[in-house]
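Down below is the structure, laid out as structure tokens.
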Amino acid sequence: MTKTKQKQSKKEKLSFELNNSSGKFDIPLFVVTVVLVVFGIIMVYSASGYSAAHHQGNRFYFMNKQIIGAVAGFAAFLGFTLLDYKKLYKFRFAALIVSYVLLALVFIPGLGLEVYGARRWIRLPFFTLQPSEIAKFGFIIFTAAYMSKHHDKVHKFKTILPVLGAGSLMALLIILEPNMSITMCVVLLMLAMLFLGGMKIKHFVIIILPVLALVPILIIMEPYRMNRLTAFLNPWASPLAEGYQLIQSFYSLGSGGLFGLGLFNSRQAYLFLPFSESDFIFSIIGEELGLIGAGAVILLFIIMIARAIVISQRAQDRFGIYLASGIAAIIAIQVLINIAVVTGSIPPTGLPLPFISAGSSSLVVFLSGIGILQSVSLRSHKSIKSL
């Protein structure tokens, strides 16, 4: 068979699959995703323009990287949209093993990149890669596949042990970087997926109690975590040290008022608020666009998560249900933690705001997740109606 005929055969097969399913491309989800990504590029420029010019000699430095990440991310989005999500089932173990290998590579001298005492990135020729971002979705694929296979036994404690083991090992590798914020995300994601999969409440309690007991131990083990907790309780006790970032975040959000100071008019972006283009970009959003603008961003995330939940409800098999539910869960968890941190609702911890914060690894991986959601939607039993 010639290459041309092979390509035609593949196209016909794909067309047959899509035409024989009543699902549709989820337009509201796509529109919200595009809006968030484009808005993120604008906000990254606004939050980083001055600092990038000061430190990098190019005010478009972070914005250009975000655009490259967006282009790569939408390419990944398209690829996963066209890929039948059921094929991911075959790669459930590979997804988990690759995640572990990437997480371990950050500890290799010369390959792992250390920034502010943390080894969270892999140094590659033209870019850096953050394995923990990939690992979260590798865990989702593995857990969704495992629970779909053993769905009738998830109520038994011994059945959920492989998921607990996989999640615990991943959390251990991430906390060793150290990265407590992503560790929290993985643990919460694991609990959310097990709960959605039918885990008994008593088993949930058995798991959550040791986790809660472990949190203060992890805080005490590292002095910087204890300092962050102290700063969270009373940031004004150390306004030029541990409490500085949170205070500057408060100033940023407070000065925005109801309607904000206007796009590109942030004062805190002038080297006052550290990591304003990444972990604390929501503070700049609140400052420039006010409560109305910040609320609109939250509303977009709510729509995105709601669409993911609807897609999970319409999925044609349990693997699709758990896959879509896991993606909805990780987006919700990360958004909640990020906003809680910048508003002083929980102790400060570094975690990007999905689709908006500067960071190509995060952007590419989350757009891949949206592509998987679209793949589930296209192959669902029922058409997805707009909310």
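A few points about this structure:
- Single residue of the range 272-322 satisfying the filter (assigned to a helix (DSSP H, G or I) and polar (S, T, N, Q)) that is nearest to VAL44 (Cα to Cα): SER283
- Selection of the range 301-317 for residues being of a type in the set (D, E, K, R) and out of contact with any Gly (no Cβ under 9 Å at 6 or more places or on another chain) yields ARG307, ASP317.
- Members of the range 225-246 that are in a helix (DSSP H, G or I), without any contact (Cβ under 8 Å) to a residue 40 or more places away in the chain and either surrounded by 13 or more Cβ atoms within 10 Å (Cβ to Cβ) or not hydrophobic (A, V, I, L, M, F, W, C) (or both): MET226, ASN227, THR230, TYR244
- Flag for LEU102 being of a type in the set (A, V, I, L, M), closer than 23 Å to ILE372 by Cα, part of a helix (DSSP H, G or I) and touching a Pro at 6+ places or on another chain (Cβ under 9 Å): yes
- Considering the range 97-115, and only residues there that are without any contact (Cβ under 8 Å) to a residue 40 or more places away in the chain and among the aliphatic types (A, V, I, L, M), the residue that is surrounded by the most Cβ atoms within 10 Å (Cβ to Cβ) turns out to be LEU102.
- Considering the range 349-369, and only residues there that are in contact with a Pro (Cβ under 6 Å, 6 or more places away or on another chain) and part of a helix (DSSP H, G or I), the residue that is modelled with the lowest pLDDT turns out to be SER362.
- Annotation note: Cβ proximity below 9 Å between a residue of the range 291-308 that is of a type in the set (Lys, Arg) and a residue that is exposed (fewer than 15 other Cβ atoms within 10 Å of the Cβ) and at pLDDT below 95 (sequence gap 6+ or interchain) occurs for ARG307/SER386; ARG307/LEU387.
- Listing of helices (runs of 4 or more DSSP H) fully contained in the range 126-206 that carry 2 or more residues being over 17 Å from the mean Cα position of the chain (by Cα) and crowded, with 21+ Cβ neighbours inside 10 Å: 131-149, 157-175
- Residue check for PHE272: at pLDDT below 95, of a type outside the set (Asp, Glu) and more than 19 Å from the chain's Cα centre (by Cα): yes
- Check on TYR270, closer than 23 Å to ILE134 by Cβ and either touching a residue at least 40 places away in the same chain (Cβ under 8 Å) or out of contact with any helix residue (DSSP H, G or I) (no Cβ under 7 Å at 6 or more places or on another chain) (or both): no
- You will find that of ILE331, ILE327, ILE372, ILE346, the residue that is β-branched (Val, Ile, Thr), surrounded by fewer than 24 Cβ atoms within 10 Å (Cβ to Cβ) and not in a loop (DSSP other than H, G, I, E, B) is ILE331 and no other.
- Test: residue in the range 49-68 that is modelled with pLDDT of 95 or more, farther than 28 Å from ALA145 by Cα and of a type in the set (Val, Ile, Thr): yes
Conditions tested, residue by residue: (1) of a type in the set (Gly, Ala, Ser); (2) in contact with a helix residue (DSSP H, G or I) (Cβ under 7 Å, 6 or more places away or on another chain).
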residue	(1), (2)
SER148	yes, yes
VAL154	no, yes
PHE157	no, yes
LEU191	no, yes
LEU194	no, yes
LYS200	no, no
PRO210	no, no
ILE220	no, yes
ASN227	no, no
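- Of all residues in the range 10-45, those satisfying the criterion of being more than 19 Å from SER377 (Cβ to Cβ) and either at pLDDT 95 or above or under 30 Å from the mean Cα position of the chain (by Cα) (or both) are VAL38, PHE39, GLY40, ILE41, ILE42, MET43, VAL44, TYR45.
The values are calculated or read from the model by the stated rules, or taken from the named source; none is laboratory data. Just so you know, these numbers come straight off a predicted model, no measurement behind them. As a convention, Cβ positions derive from the backbone with ideal geometry for all residues, glycine included, and neighbour counts pool all protein chains shown.
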